[in-house]
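Notes for the one structure printed next.
All of the numbers you see were taken from the coordinates with simple rules; none came from a lab. Treat the numbers as computed from the prediction; the structure is a model and nothing was measured. Cβ sites come from the backbone with ideal geometry, for glycine too, and all protein chains shown count toward neighbours.
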Amino acid sequence: MNFLSENCYLSVMEGDSVTLHTVTEIKKDDLILWRFGAEDSPMAEVNRSAQIISVSESTKGFKDRLHLDPETGSLTVRNITTDHSGIYKAQIIGNKMIRKTFNVTVYARLPVPIISRDCCSLSSSSSSSCSLVCSVLNVSHVTLSWYKENHLWSSISVFDLSSSVSLHLEVEYQDKNSYSCVLNNHISNQIQHLDIGELCQIHSGNISVYLCKSSASVILCVYCSFIPSDSECVCCCDTNKAVIQLVISALVGVATVVVLGFEITSGKAEQKRQTHTSSSALH
C-alpha cells in the first residue's frame, strides 16, 4: 500500500468557520478518520462501505460545531474559538493511505486601540508639544504601531498575553500631518485615527496637587499633575516625587518632634529657675 503525507498550516479568526479539506472526492471503499490534539481524540468518521458517517459529540469543546462532508470527507469547524487551536489529523485509508495534518492557529478578535493624552509625560513635554499614548488591553501575538502619513513611525510587538500594551507619541500642537495607531496580527488589524485638534488642546497650564495622608506620625504625600480638559486624560502620580515628599515629610516630622521636645525642656528649665528665684527671695 502506498503512503502519502501532507502538512498544512492555517490561520483563522475567532468566530469564523474553517474547512479542512481531504481530497476532491472519496472512493466507495475509502475510510476517513479525523482526530484532534496530542491525544488524537476521535472527531469524525466516514466509512462509505459500511454506510457510516458520524461526528463525535464527545470531543471536548466541539459540540454542535462540527460538520462532515459525506462526499469529500472534509471537516468544517464552525464558530471556532482559540481553544480549538491545535493539530487536526485526517487518515484516509483505501488503495493507498494518505495522512493529512492541519496545524490550525485561531486568533482572538482584536480590540480597537485607544488614543489619549499622556499625562505622565506632561512634566517632560515642551510647551509646544503634545504627548499622546495609544493603548490596548489583554492581547497577545500582536504589533502596535504609530503611522505618520501612512509610513511606519514606531512599533512594539508582544507575543505572550499582556494585560496592557502602550506606545507613546509626541507631536507639535500645530502639526498638520495625519497620524493613526494600528493594532495587527497575521490576519487582521484595527485602526484608530488621531484627531490632534480634539486631544491636543492648548491650555494655560497644568494643575498640580499634593495628596497627603498622615498615619503613625508619618505624612505621605504624592505629587499629581493633570490637564484641565474635556479630553480623556488620567491623573498621573509621580512616584519619584512621592518618595521625595515622603522623605521631606519624615524630616519635617522629626524636626517637629525635636522642636517640641526643646520647647518642653526649655519650659521645665524656666519653671525650675523661677521656683528657685522665689525661694531665694523668701530667705
Practice prompt. Evaluate the relative contact order of the stretch 1-117 (contact order divided by residue number), counting alpha-carbon pairs under 8 angstrom at least 6 apart; express in whole percent.
Written response: 38
Worksheet item: Tell me, what ³J(HN,Hα) does each residue in the stretch 85-93 have, in order and in whole Hz, if you take phi through Karplus 6.51 cos²θ - 1.76 cosθ + 1.60 with θ = phi - 60° and put x for Gly and Pro?
Response: 5, x, 9, 10, 10, 10, 10, 10, 10
Worksheet item: By count of other Cβ within 10 Å, fewest leading, how are Asp175, Asp118 ordered?
Response: Asp175, Asp118
Response to the item:
Over the stretch 2-107, the quotient of the Cα radius of gyration and 2.2 N^0.38 Å is 1.01
Worksheet item: When all alpha-carbon pairs of the stretch 76-175 are counted, what percent fall beyond 15 Å?
Response: 73
Worksheet item: Between Thr101 and Ile114, what length in nm is gained on full extension when 0.36 nm per residue of separation is reduced by their alpha carbon distance?
Response: 0.7 nm
Practice prompt. Have a look at the DSSP beta bridges in the stretch 2-107 and tell me what percent are antiparallel, nearest 5.
Written response: 70
